[in-house]
Structure formats: C-alpha cells, structure tokens
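Report on one structure; see the data block that follows.
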Amino acid sequence: MRNNTRLSVAATFYMFIFVASRGIAMSQESSQLVDTGVIFSVEQLKRSGADQVFWIKPPFWTPSPQQVALLETQLKPYLGRVKHPKAKAIAASLASYRRQYFGYTDGDKRWILVNGFCEGYWKKEDTWRDRVVLVRDGGRCFFKVRYDPSSSQFEQLEINGEA
C-alpha cells in the first residue's frame, strides 16, 4: 500500500513537471503582453516577418520584461531631449501609445527595436499583439527607435511623415 502511494505521488510529480515544462516551452514561442505593449518571442518574431519588415538580422533573442521596464523608464526622457520636431509631442502623450519589442543582434551587440503606435491605432486594430505594425505615413502616431540594453542608450529614432 505504501509503495502504491509513493508511486502515485511520484507519477503526479512527474506529470506536473511535464505539463509545466510544456507551458514554459509554449510561452517561449508566443508574444508576452506587458503594460506598455507586447514583447515578441524569437519564434513569434520569425513567424511575424519583422526581420523582413524592419531589416533586422539574426540571431534574434527575446527581451525580458525587466529589460523592457528599464527601457520604458528612459524612453520618455529620451524623446523629450532628442532633436526631432515631433518627438516632444510623442513624449507628452507616450502613456497612450502601445509598443512592440523585438530583440535582435547587430554586429556583436544586442538591440531592442521599439515599434510604437498611438491610441487611435491600437484601439481600432487589435492585431498589434501578434502581428507587426507597419504603417507608411501617419505622422507622430507611429515611431521606431532602437535601444541598447547594455548601455541603456537609444538611437536611430524614426517618426513617420504625413501623407
């Protein structure tokens, strides 16, 4: 009787590990929602075609929520001081924007590409959680910038033009 109980406990324990590890593997393959947007996993990035849309190259990697949180503490100050005519307006309303985060490598450096879009877009289009947002024109409603998590620096800000 005691052996049967031990076997039952052991089987339950191993089944739990199997199910949990499958859940972990699945979560590595899909995007992860955070307060400010969505972090694309490596698999999601590959499926989405972001590499072709933004000309980013492998090896790809998945930014952590902590890296994105640190990035976000620095994004508004960066937009407020950069010399771009529309950047200050984006900084003033940044809380209403949503963003997509893509991890990629350029040379030996890891970068996070931030793809931002305004409330007028994300409230109408809920595909932004799993599909790349790419809009030509649209003005300050759409912006991209890359972030170096090792130095906490932003560069290559692009804000869409008006049609």
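Which of the trypsin sites (Lys or Arg not before Pro) found in segment 47-111 are in a DSSP loop and have at most 16 neighbouring Cβ atoms, other than their own, within 10 Å?
K83
I want to check the label-to-label distance for S30 and K57. Put each point 7 Å from Cα in the C-beta direction and report it in nm to one decimal.
Once both label points are built, they end up 3.3 nm from each other.
Can you pull out the trypsin sites (Lys or Arg not before Pro) in segment 112-163 whose DSSP state is coil and whose Cβ has at most 15 other Cβ atoms within 10 Å?
When the trypsin sites (Lys or Arg not before Pro) of segment 112-163 are filtered for loop state and at most 15 Cβ neighbours within 10 Å, K123, K124, R136 remain.
With the cut-off at 1.5 for a/c, could you classify segment 70-138 from its C-alpha gyration tensor as rounded, prolate or oblate?
Here segment 70-138 falls in the oblate category.
Under a Cβ-Cβ cut-off of 12 Å, what is the net charge of the residues other than A92 that fall near it, where Lys and Arg count +1 and Asp and Glu count -1?
+4
A short reminder: the numbers here are calculations on the coordinates, not readings from a lab. Not measured: the values here are computed from a predicted model. For neighbour counting, all protein chains shown are included, and Cβ atoms are generated from backbone atoms with ideal geometry for every residue, glycine included.
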